[in-house]
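Rule-based calculations on the coordinates, nothing more; no lab input. Nothing here was measured: the structure is a model prediction, and the numbers come from that model. Virtual Cβ from ideal backbone geometry, glycine too; neighbours counted across all protein chains shown.
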Amino acid sequence: VPRQCDADAHTRQREEPTLLEVFYDLVFAANYNVFSDNQEVTDITRFKAYLGYFFLLWLTWLLVTLFDVRFVTDSIFTRLTRAIQLGVLVGFTIVAPKFNPTAQHMETMQAMSIILMVSRVCLAVEYAAILRHVKHYKKSHRPLLLQIAVHTGAAIIYLGLTFGFRDGVKNKEFVVWYIISATEALLTILLSNLYPVLSFTRTHLIKRLTLLTVIIIGDGIIQVAREVVTIVKNPDAWDGVTIGLVTAAVATIYFVFLLYFDWLRDCFHLPALRQQLWMSVHLPFHLSLILFTQGFTQFLIWSKIMDVLNTLSMGFGRAGHEWLVNATSQEVQNRLNDSTRAFFESFPPKIPSTWVTIDDAISNITLIPDAFWTELANYYQSHNANVFNTTDIQAAEVFSNILQATMSSMANALFATFGMDLESEVTNKNPRLYDDIKGGGFQGEVQYETWDRYRLVFACTYIAAGATLFFMIILAILVRATHLKTWPVTRLAIICCLALGTSLTSILFFHRDRVFAFLLSPWVLPTIAFVWTATIILTHINGENVGRQVRKLRPRRLSAYSVDRSLPTPDTLVQEEPWPGTKIEA
């Protein structure tokens with residue numbers, strides 16, 4: 001009897017996650033946040049690094065979780081091994097800033113291999129401890145030994161990969177990380193199907209996955225709060241547009257949370273195959289959800305930037321150009337100088353050479369003849385280039401260069417104020433470009449790269465938003481216990497179309513003029529908000545109940561129609577007279 005009780009104590013399956021498990025999930029969430037802050041997706045190389053890092057991190061979390069939901073207990077040994085696994089997550093954080101399999105920083109790649117090895121050795125030791133506690137139950141020996149062999153073999157391979165990375169040498173050995181990690185997860189799932197002692201069908205695995213999902217969604221709310229703080233630090237922060245955008249952002253993330261649990265239907269225990277599929281879909285789902293929430297919250301900042309730029313005129317445009325009539329170059333110079341300095345008081349420039357560019361550009365205004373400004377006012381009014389003569393065309397080119405350098409500098413100051421500072425990236429790509437300070441070439445390149453960053457954020461976020469909704473549909477189908485009827489199928493088809501349409505919107509990325517026409521509008525963030533709003537409305541429309549109400553109403557309408565005295569009825573029909581020589585039969 002004591003032996004039986006001892007075995008049960010180490011194989012008892014809990015209904016709820018323990019505090020150690022919850023804490024581990026929180027550290028996991030903090031880890032990918034650190035990586036996201038240090039490794040923004042700016043090109044295909046960074047995107048590959050992001051995918052690879054998250055793949056290794058998530059599978060490491062999954063392998064630890066699969067042990068926890070089956071065997072974890074609160075003991076000194078468990079706390080020690082959990083400390084090691086937390087150290088593994090800290091190790092992931094340490095390698096995050098320089099993790100790039102394409103560039104392959106040798107120390108970083110070797111450190112990642114060692115981190116993975118330590119994690120798997122710790123798992124093997126934990127399974128060995130369980131084997132010791134159930135040593136009197138022969139049927140448990142083989143499955144636990146096989147599980148130990150899986151992690152021990154993986155640890156040996158990771159250790160061997162450590163010596164494969166050389167300074168200045170690029171190879172494909174890092175691909176083995178992904179293959180071995182995926183193989184470990186698949187073999188763990190396979191063993192759980194073959195041996196009941198390793199099964200996690202009746203565990204709280206689904207609750208662990210839902211808990212992690214809630215943490216990820218909660219991080220989205222934290223990101224919104226950070227962006228709001230960034231916005232309110234600056235002048236004229238709160239207006240109708242900003243309030244509407246913040247409301248839409250918070251509501252969208254809230255709708256994601258509601259839909260996830262509405263579609264789960266409190267199904268925390270599923271048959272083995274469906275549970276394993278449901279668990280596996282969470283890998284791409286969590287990746288899409290993280291990319292979506294991080295990009296979506298950036299739309300708050302970009303939308304505020306667009307709002308400021310759209311109100312920026314300085315009197316050069318089709319609206320408010322009347323002052324240019326009979327203006328002198330000195331007056332234009334003074335006005336432009338006052339406008340730029342007032343702008344920089346609100347949004348101080350972060351690029352040191354900004355004032356050099358601005359002063360050089362404004363000083364060139366005196367080279368333009370006074371007569372040009374009247375012609376420019378006529379051009380703004382008629383939008384006809386024929387108003388310029390040959391001299392004015394040359395002056396227009398000079399003025400265009402002045403305005404471009406000034407506006408680029410002001411835009412870059414605005415970008416940097418809201419955290420979009422790409423000066424260092426541009427300098428690293430082309431160090432000699434920094435010499436073109438007075439001509440405004442450097443400012444123009446920084447502005448160009450920043451707009452391209454916005455275009456990339458737009459494409460990634462819209463793809464991730466559609467993918468998130470699509471994977472949520474798959475999760476909803478996997479947990480559904482009843483057969484799909486007509487309305488649920490129709491509803492899922494409509495939501496699938498919404499998900500596909502959202503992702504396909506990113507095709508605008510390849511059409512520069514069209515994409516910026518959309519990005520300069522205030523509808524970038526609300527469009528996604530409308531999609532999620534429509535989805536939650538469709539979710540809570542009871543199509544079958546609507547159909548029943550229509551069927552009930554239809555007989556009433558027919559009854560009212562039949563007693564309409566304006567139509568012929570048996571009581572109002574007039575007997576026809578028979579033709580001569582004929583008889584009417586009764």
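Exposure proxy for 195, 127: other Cβ atoms within 10 Å of each Cβ, ordered fewest to most, give 195, 127. If you take the Cα centroid of the range 349-414 and the Cα centroid of the range 86-159, the two points sit 63 Å apart. Label zone of residue 232 (point 7 Å out along Cα→Cβ, amide N under 19 Å): in the range 294-313 this covers 297-305.
With the convex hull drawn around the C-alpha atoms of the range 1-203, the volume per residue stands at 114 Å³. Full extension of the chain segment joining residue 170 with residue 258 gains 27.1 nm, where the gain is 0.36 nm per residue of separation less the Cα-Cα distance.
Compared with the direct C-alpha span, the chain from residue 145 to residue 106 gains 10.6 nm at full extension, assuming 0.36 nm per residue. Along the chain, the longest continuous region that contains none of the GluC sites (Glu not before Pro) in a DSSP loop with at most 11 other C-beta atoms within 10 Å is 16-575.
Summarising the label geometry, the points placed 7 Å from Cα in the beta-carbon direction at residue 94 and residue 482 lie 5.5 nm from one another.
Efficiency by 1/(1 + (r/R0)^6): what FRET value for residue 311 and residue 514, r their Cβ-Cβ distance, R0 = 25 Å, to the nearest 0.05?
On the way: r = 24 Å, r/R0 = 0.95.
That gives a FRET efficiency of 0.60.
Placing R0 at 25 angstrom, the Cβ-Cβ distance between residue 323 and residue 393 gives a FRET efficiency of 0.65 after rounding to 0.05.
Maximal additional length on extending the residue 48-residue 186 stretch stands at 47.4 nm, based on 0.36 nm per residue less the C-alpha distance. Students often get this wrong, so check it: of 233/350; 48/304; 98/304, which have C-alpha atoms separated by over 20 Å? Checking Cα-Cα distances, 48/304; 98/304 exceed 20 Å.
Note on residue 265 and residue 214: with the Förster distance fixed at 25 Å, the Cβ-Cβ geometry gives a FRET efficiency of about 0.95.
Evaluated with a Cβ-only charge set (Lys, Arg +1; Asp, Glu -1), the chain carries a dipole of roughly 3400 debye about its Cα centre, given to the nearest 20.
Find the Rg to Rh ratio for the range 322-421, where Rh is the Kirkwood radius over alpha-carbon pairs and Rg uses the same atoms. With Rg and the Kirkwood Rh in hand, the quotient comes to 1.03. Residues 494, 368, 221, arranged from fewest to most other Cβ atoms within 10 angstrom of their Cβ, appear as 494, 221, 368. Taking the number of Cβ atoms within 10 Å of each Cβ as an exposure proxy, the fewest-first ranking of 360, 513, 43 is 513, 43, 360.
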